[in-house]
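The values are calculated or read from the model by the stated rules, or taken from the named source; none is laboratory data. Not measured: the values here are computed from a predicted model. As a convention, Cβ positions derive from the backbone with ideal geometry for all residues, glycine included, and neighbour counts pool all protein chains shown.
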Amino acid sequence: MNNNKTELFISGVDQSETAAITSYGFPYGTLPIRYLGFPLMSRKLKISEYAPLMVKLNMSFQSWSAKLLSFAGRLQLLKTVIFGTVTFWTSAYILPKVVYAKLSLSAPVSYGPMFKVYLAATVNTPSLWVDWHQSTHLTGQSFWTINAAPTDSWAWRKLLDLRPLALRFCKSQLGNGKNTSFWHDVWTPLGQLRSFIGDAGPRSLRVRTTAMVADTVTRSRWNLPHPRSQREVDLHAYLTTINLPLPVDVLNNVEVLRPRQASQSWVDVVWFKGAIPKHSFNMWVANYDRLPTRSRLAAWGLPITSSCPFCSNFDETRDHLLLSCEYSVTIWREIFIRCHPPASPFANWSELLSWIRVATSSKLKLLRKLASQTMVYHVWKQRNNLIHNQTSVPAATVFRGIDRELRNIISARRHRKRFDPLMVMWLR
Ligand SMILES: [Zn+2]
């Protein structure tokens, strides 16, 4: 050890031990020191010691208060700098409430509008963040009514705390009314009807708390009883301004925070207990058909061939590459021996999903999920190897890699009840 680069920190030793240790000639150090960018302490940080965080974030906030940034630019700032810095600190410390309050105050345009922009930007683009929260925290419930569980993360609980603020900015476009919650979304100028009419609302209007706006309309008529309070009269007055019947196929714009059947259809196939994160992530991208296949790249105008790198006979689309290409079919055949084949070969992605889901037992379903994710990951990896490194290997070799990894995955989880029977099934 180098005396000049090393400092001595002593805790819980008596004087004679201290004397013995210091005789080696190391200088005493004092806390806090900075380690990996964090102040390192033997006790909780004082509010004043959060100063570096405050200064850094204040500078970021000020740079946007110059108003030179476009909305997109501000969003980028929020997503990268602000969230990044806060996440960095919260990964190591629990931020005291005071610090959080100061942060909220120091944002000149306040968190609210930015929060709204953040949501708006995530509506029509796949967001790992939103999908993950939908599957982890919402599981079929409304974002606006769900209660925080003690096991939820700090960040998620803070987000739930911000709901009253967010509500002011999340106005729902009614559309066909099938995705707009009657009581919880803001679809009239009266605000959230639950708070406007009060807790007695569902009983007096005879509309259950989980109802969608569409449920209260019968063709060209609102299906509501006569108003019995001034506020109900106000609501009726507004309803007369809405043209009925509601349009058939227009979706509203804040549906992202409510579970939808469309996005629910694959969530359980992507995220489940015991999945390998890199496999899940790859599967998530594939589910949105966002893998940069050649046909997608060519469609963006890149001067490349769009043909499949394995067979050269077809365009390289997700469904061809991963499901119907002879190369992948060879691998699937091996998987089907162990996981039972579908009634007919996969014609498209949704057939893969339904094959996984119609498994006759939960064990088989779990095995199909694991095998499909591993297959999709390995084939995509080999496809990249072939294109970028000109490494060509037979499909059987790729399957051997999948086989080996799947055994490792199952073996590493054999003490879990759900994984225990899988090895026997896979090794048939
Ligand atoms: Zn092909």
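Things worth noting here:
- Among the residues making up the range 215-257, those that are modelled with pLDDT under 85 and closer than 14 Å to Thr180 by Cα are Leu246, Pro247, Val248, Asp249, Val250, Leu251, Asn252, Asn253, Val254, Glu255, Val256, Leu257.
- Near pairs, Cβ below 9 angstrom, 6+ apart or cross-chain, from the range 317-335 (of a type in the set (Asp, Glu)) to any residue that is more than 10 Å from the ligand (Cβ to nearest atom) and assigned to a helix (DSSP H, G or I): Asp319/Trp349; Asp319/Leu352; Glu326/Ala395; Glu334/Ala395; Glu334/Ala396; Glu334/Phe399; Glu334/Ile402; Glu334/Asp403
Results for (1) in a loop (DSSP other than H, G, I, E, B); (2) in the same structural domain as Trp332 (by TED's automatic domain parsing); (3) closer than 23 Å to Ala286 by Cβ, shown as yes or no for each residue.
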residue	(1), (2), (3)
Leu364	no, yes, yes
Leu367	no, yes, yes
His378	no, yes, yes
Gln382	no, yes, yes
Thr391	yes, yes, yes
Ala396	no, yes, yes
Asp403	no, yes, yes
His415	yes, yes, no
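- Selection status of Gln382, surrounded by 15 or more Cβ atoms within 10 Å (Cβ to Cβ), within 22 Å of Pro277 (Cα to Cα) and within 14 Å of the ligand (Cβ to nearest atom): yes
- Number of residues in the range 289-310 that are buried (at least 16 other Cβ atoms within 10 Å of the Cβ) and in a loop (DSSP other than H, G, I, E, B): the value is 6.
- Some residue of the range 311-318 being assigned to a helix (DSSP H, G or I) and surrounded by fewer than 16 Cβ atoms within 10 Å (Cβ to Cβ): no
- Tallying residues that are on the phi > 0 side of the Ramachandran plot and charged (D, E, K, R) within the range 279-302 yields 1.
- Meets criteria (under 25 Å from the mean Cα position of the chain (by Cα) and either within 14 Å of the ligand (Cβ to nearest atom) or in a helix (DSSP H, G or I) (or both)) for Ser354: yes
- Cys339 being within 16 Å of the ligand (Cβ to nearest atom) and either hydrophobic (A, V, I, L, M, F, W, C) or crowded, with 22+ Cβ neighbours inside 10 Å (or both): no
- Residues that are touching a helix residue (DSSP H, G or I) at 6+ places or on another chain (Cβ under 7 Å) and away from the ligand (no atom under 16 Å from the Cβ) within the range 287-304 comprise Asn287, Asp289, listed in sequence order.
- Sole exception among (1) more than 16 Å from the ligand (Cβ to nearest atom); (2) touching a residue at least 24 places away in the same chain (Cβ under 8 Å) for Thr360, by number: (2)
- Candidate set from the range 305-336 (those that are more than 9 Å from the ligand (Cβ to nearest atom) and among the aromatic types (Phe, Trp, Tyr)); member that is nearest to Asn287 (Cα to Cα): Trp332
- Of the residues in the range 342-349, at least one is more than 13 Å from the ligand (Cβ to nearest atom), surrounded by fewer than 18 Cβ atoms within 10 Å (Cβ to Cβ) and free of Cβ contacts under 8 Å to residues at least 12 places away in the same chain.
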